[in-house]
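The next block holds one structure in the form of structure tokens; read it before the comments.
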């Protein structure tokens with residue numbers, strides 16, 4: 001067993017909140033990931049969830065009677081908004097995965113439907129922008145292709161190169177009955193063999209890995225080890241991360257959150273929003289009155305008790321002014337700084353947009369809620385460029401995912417897989433660019449013979465080379481038929 005392996009797994013998994021120690025585990029490669037990076041992931045996750053980041057949201061203040069106290073700062077929950085907005089721009093129900101082979105395309109669509117791919121991918125893409133990555137693992141169960149989605153907290157890389165991660169471990173902890181179980185799924189290479197190993201560990205408490213137990217104790221029928229030969233892909237999982245350089249650890253294969261470099265801005269926005277709300281609570285109507293006017297006095301004529309001001313009315317503050325002859329009622333109400341707060345918050349939202357890949361003005365605060373711009377985004381905007389950058393990474397990952405599914409289908413003889421096929425992804429740009437302007441530009445380029453018709457079809461509709469050629473052949477055939485019909489209509493031979 002490699003010397004540093006157990007200690008590394010201890011530290012990394014403890015930071016993940018899953019394990020504190022490792023006692024019995026099979027031999028695997030050394031983990032070369034800085035465990036402190038997982039602290040960052042935990043912090044990004046806390047911000048994404050809302051009121052969970054103590055350093056951000058717990059404020060200390062002093063009062064005359066009780067001294068130092070702690071309260072929770074109000075928040076606009078910017079991390080959730082930023083992640084959700086980018087995820088919705090990049091992927092939605094209108095995105096198509098096009099495969100050149102029609103029969104195989106139908107198989108993929110069925111797999112997507114059975115795994116609720118669009119909904120799950122939308123959710124985990126949002127988690128990816130928040131935490132710095134996601135993983136999709138295809139596998140076979142009951143002669144069906146299944147897809148497992150994993151967030152960045154449950155993914156530990158073991159080995160990687162310039163193409164990405166090719167060995168990893170996936171920890172999963174859960175409670176069943178009175179025990180805590182931890183399932184570890186290892187993806188490693190042994191020469192030319194791709195090996196997936198499963199180990200199950202049981203403990204009386206969540207803080208320890210405990211003893212190794214039989215897989216059948218929880219996972220009936222799960223193989224302890226599966227070996228794949230002639231596997232010509234990087235790994236049997238797809239790692240997707242935001243297209244943002246990791247400036248926290250330049251040697252790590254892990255990605256960073258979309259808002260990782262905007263933490264100070266987020267803290268400032270929440271501070272301003274908290275102040276905005278307290279402006280109304282602390283700036284309520286206040287009137288200073290002499291304390292004598294609050295006390296009950298007896299009317300000498302009627303003998304009844306009277307009070308000039310209601311002592312229970314929180315608008316009034318009683319003060320002893322000294323000589324009663326100098327006593328007077330004073331209005332202590334201060335002017336609310338509503339517009340100043342709104343303006344300050346919007347200025348910081350513009351800075352946040354720039355730091356997270358959006359155009360200035362994308363987010364705005366009107367005093368009631370935070371809003372996101374819905375107008376058309378031009379191709380030159382920062383939002384559109386960021387969207388395209390993320391789509392480049394996602395398209396490559398989805399193509400790899402289809403290749404892995406094809407391998408599993410062929411290996412387990414689940415369905416017919418063509419010897420060759422092409423995969424392309426047509427993203428929905430209708431929400432991010434002017435489609436009318438784009439088709440006008442393409443028409444101009446075609447008229448000036450600056451682009452082949454097939455290339456124009458491929459670019460605009462996101463088709464593969466074969467699909468575009470088939471489409472173009474149908475257009476040419478229809479045009480030829482229309483020409484013959486026109487000739488026949490005007491008395492031609494039509495031959």
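Got at least one residue in the range 448-458 being surrounded by fewer than 18 Cβ atoms within 10 Å (Cβ to Cβ), at pLDDT 80 or above, part of a helix (DSSP H, G or I) and touching a helix residue (DSSP H, G or I) at 6+ places or on another chain (Cβ under 7 Å)?
Yes: the range 448-458 contains one or more residues that are surrounded by fewer than 18 Cβ atoms within 10 Å (Cβ to Cβ), at pLDDT 80 or above, part of a helix (DSSP H, G or I) and touching a helix residue (DSSP H, G or I) at 6+ places or on another chain (Cβ under 7 Å).
Of the conditions (1) modelled with pLDDT under 95; (2) buried (at least 18 other Cβ atoms within 10 Å of the Cβ), residue 232 fails just one. Which one is it?
Here residue 232 clears every test but (2).
Which of the helices (runs of 4 or more DSSP H) contained wholly in the range 63-160 include at least 2 residues that are within 30 Å of residue 36 (Cα to Cα)? Show your work before the answer.
Details: elements: 78-90, 102-114, 117-131.
The qualifying helices (runs of 4 or more DSSP H) are 78-90, 117-131.
Of everything in the range 245-271 that's outside any loop (DSSP other than H, G, I, E, B) and either buried (at least 22 other Cβ atoms within 10 Å of the Cβ) or touching a strand residue (DSSP E or B) at 6+ places or on another chain (Cβ under 7 Å) (or both), which residue is modelled with the lowest pLDDT?
My answer is 270.
Only one of these conditions is not met by residue 129: (1) surrounded by fewer than 19 Cβ atoms within 10 Å (Cβ to Cβ); (2) under 26 Å from residue 48 (Cα atoms). Which number is it?
Against the list (1) surrounded by fewer than 19 Cβ atoms within 10 Å (Cβ to Cβ); (2) under 26 Å from residue 48 (Cα atoms), residue 129 comes up short only on (1).
Across the range 459-474, which residue is modelled with the lowest pLDDT among those that are farther than 13 Å from residue 421 by Cα and in contact with a strand residue (DSSP E or B) (Cβ under 8 Å, 6 or more places away or on another chain)?
Filtering the range 459-474 for residues that are farther than 13 Å from residue 421 by Cα and in contact with a strand residue (DSSP E or B) (Cβ under 8 Å, 6 or more places away or on another chain), the one modelled with the lowest pLDDT comes out as 462.
Residues that are in contact (Cβ under 8 Å) with a residue 12 or more places away in the chain and either over 32 Å from the mean Cα position of the chain (by Cα) or over 30 Å from residue 91 (Cβ atoms) (or both), at least 1 per element: which strands (runs of 3 or more DSSP E) completely within the range 170-244 meet that?
179-190, 193-203, 211-213, 225-228
Please determine, by comparing only the residues of the range 35-62 that are modelled with pLDDT under 75, touching a helix residue (DSSP H, G or I) at 6+ places or on another chain (Cβ under 9 Å) and over 22 Å from residue 207 (Cβ atoms), which one is surrounded by the fewest Cβ atoms within 10 Å (Cβ to Cβ).
Going through the qualifying residues, I end up with 55.
Is it the case that the range 115-138 has a residue that's more than 25 Å from the chain's Cα centre (by Cα) and at pLDDT 90 or above?
Among the residues of the range 115-138, not one is more than 25 Å from the chain's Cα centre (by Cα) and at pLDDT 90 or above, which makes the answer no.
The values are calculated or read from the model by the stated rules, or taken from the named source; none is laboratory data. Treat the numbers as computed from the prediction; the structure is a model and nothing was measured. Positions of Cβ are generated from backbone atoms using ideal geometry, with glycine treated the same way; all protein chains shown enter the neighbour counts.
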